[in-house]
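Okay, structure first, notes after.
Throughout, read-outs are computed from the coordinates displayed, never taken from laboratory work. What you see is a predicted model, and the numbers here were worked out from it, not measured in a lab. Glycine gets a Cβ as well: all are built from the backbone with ideal geometry, and neighbour counts include every protein chain shown.
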Amino acid sequence: MRAVTPSAVARYPWTIRVLHWLLALLLAVQVVLGLVAEYGAAQLSAMVLPLHFQLGMVILVLTALRLCLRLVLPMPAADPAEPPGLRLARSAAHGLLYLLVLALPVSGHVIWVWMGADRTLFGALKVPALFVPPEDETGRAVAWYVHVYGAWILLGLVGLHILAAVLRQRARRDGFITQRMGFKRLQREERGS
Ligand code: HEM
Ligand code: HEM
């Protein structure tokens, strides 16, 4: 019989689940676009960069929405059996994931304004520059380091995040990923709180 622990019964609200998977997909596409823009042939890079800018802004808006929803909606309770150190590590990893997903579009925007590139998002909608690039290009260099290293750190952290979720699911045999983030209808005793 499948073990059902108190932690396994609590599921993220459907809006958070939809945004979690949608953003995971968009981020995967965005990293590929960024790498093609950086390392692809000049013509291909010029084609891909505006898409990278547009998708980055969509990711920024959706992440901000996800964070707002997270603040107002009830989230799954912490598992009382989870060691405090592990709970702290999990919260820190989730916080860092959010921070990176926000830092990438923001640093990308700084680079974009410095490049003097077209900030038209869709139709007549234009992203405001918010600053005038000064002569001194230190800010551009800092934004560049944040963007490039941030993208690689995000990739590494997402890898660890997936590994942690899979290991937890395998160790406890409670269908953890589906329980927390899935869409399959839960059995009555699993719905719990
Ligand atoms: C770009 C990819 C991903 C990012 C940025 C990401 C980010 C996050 C974040 C920030 C949370 C915390 C919940 C929240 O506040 O919304 C979370 C939870 C979770 N994610 Fe992901 N995730 C990604 C991909 C995945 C994948 C591929 C899996 C499947 C193995 C997965 C499984 C989970 C699970 C099971 C939870 C619940 C964890 C818990 O409650 O402790 N995630 N994810
Ligand atoms: C979450 C959103 C974003 C992610 C995950 C992301 C990811 C990446 C990656 C992986 C690269 C290649 C880095 C490397 O050289 O290793 C890159 C490059 C770049 N990104 Fe982003 N990015 C995001 C948002 C943005 C936004 C919103 C903009 C512009 C407003 C932007 C502008 C750029 C530029 C200009 C480059 C350099 C391309 C070149 O040199 O041709 N990025 N990005």
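Inter-part distance, segment 122-168 to segment 8-53, computed on C-alpha centroids, equals 12 Å.
If R0 equals 22 Å, the separation of the Cβ atoms of residue 155 and residue 125 corresponds to a calculated FRET efficiency of about 0.15.
Electrostatic bookkeeping for residue 82 treats Lys and Arg as +1 and Asp and Glu as -1; over the other residues with beta carbon under 10 Å from its beta carbon, the sum is +2.
Of the chymotrypsin sites (Phe, Trp or Tyr not before Pro) found in segment 58-148, those that fall in a DSSP loop while having at most 12 other beta-carbon atoms within 10 Å are 131. Overall dimensions of the chain, expressed as equivalent-ellipsoid semi-axes from the Cα gyration tensor (√(5λ), whole Å, largest first), are 38, 17, 16. Taking amide H positions as modeled 1.01 Å from N, with prolines and chain starts lacking one, the residues under 5 Å from residue 121 and 5 or more places away or on another chain are 126, 127. If one takes the longest principal axis of the Cα atoms in the chain, at what angle in degrees, from 0 to 90 and to the nearest 10, does the Cα axis of helix 84-115 lie? Relative to the chain, helix 84-115 is tipped by roughly 20 degrees.
Here is the list for segment 1-96: trypsin sites (Lys or Arg not before Pro) lying in DSSP coil, each with at most 13 other C-beta atoms within 10 angstrom of its C-beta, are 2. Relative to the dominant Cα principal axis of the chain, helix 14-39 is inclined by about 40°.
Across segment 118-131, coupling constants 3J(HN,Hα) worked out from phi with the 6.51/-1.76/1.60 Karplus curve, θ = phi - 60°, read 5, 9, 5, 8, 9, x, 8, 6, 10, 6, x, 5, 6, 7 Hz, and Gly and Pro carry x. Residues of segment 95-127 falling in the label zone of residue 42, defined by backbone nitrogen less than 19 Å from a point 7 Å along Cα to beta-carbon, are 115-118. When you filter the GluC sites (Glu not before Pro) in segment 99-193 for DSSP loop state and at most 16 other Cβ atoms inside 10 Å of their Cβ, you are left with 135, 137.
Projecting the Cα positions of 48, 162, 109 onto the charge dipole of segment 11-183 (unit charges on Cβ atoms of Lys, Arg, Asp and Glu, taken about the Cα centre) puts 162 furthest along the positive direction.
After finding the eigenvalues of the alpha carbon gyration tensor for segment 80-193, what semi-axes result from the square roots of 5 times each, listed largest first in whole Å? Output for segment 80-193: semi-axes of 40, 18, 11 Å. Compute the signed sum of charges (Lys and Arg +1, Asp and Glu -1) over the other residues within less than 15 Å, Cβ to Cβ, of residue 98. Residues near residue 98 contribute +3 overall.
Helix 138-172 and the longest principal axis of the Cα set of the chain meet at an angle near 20°.
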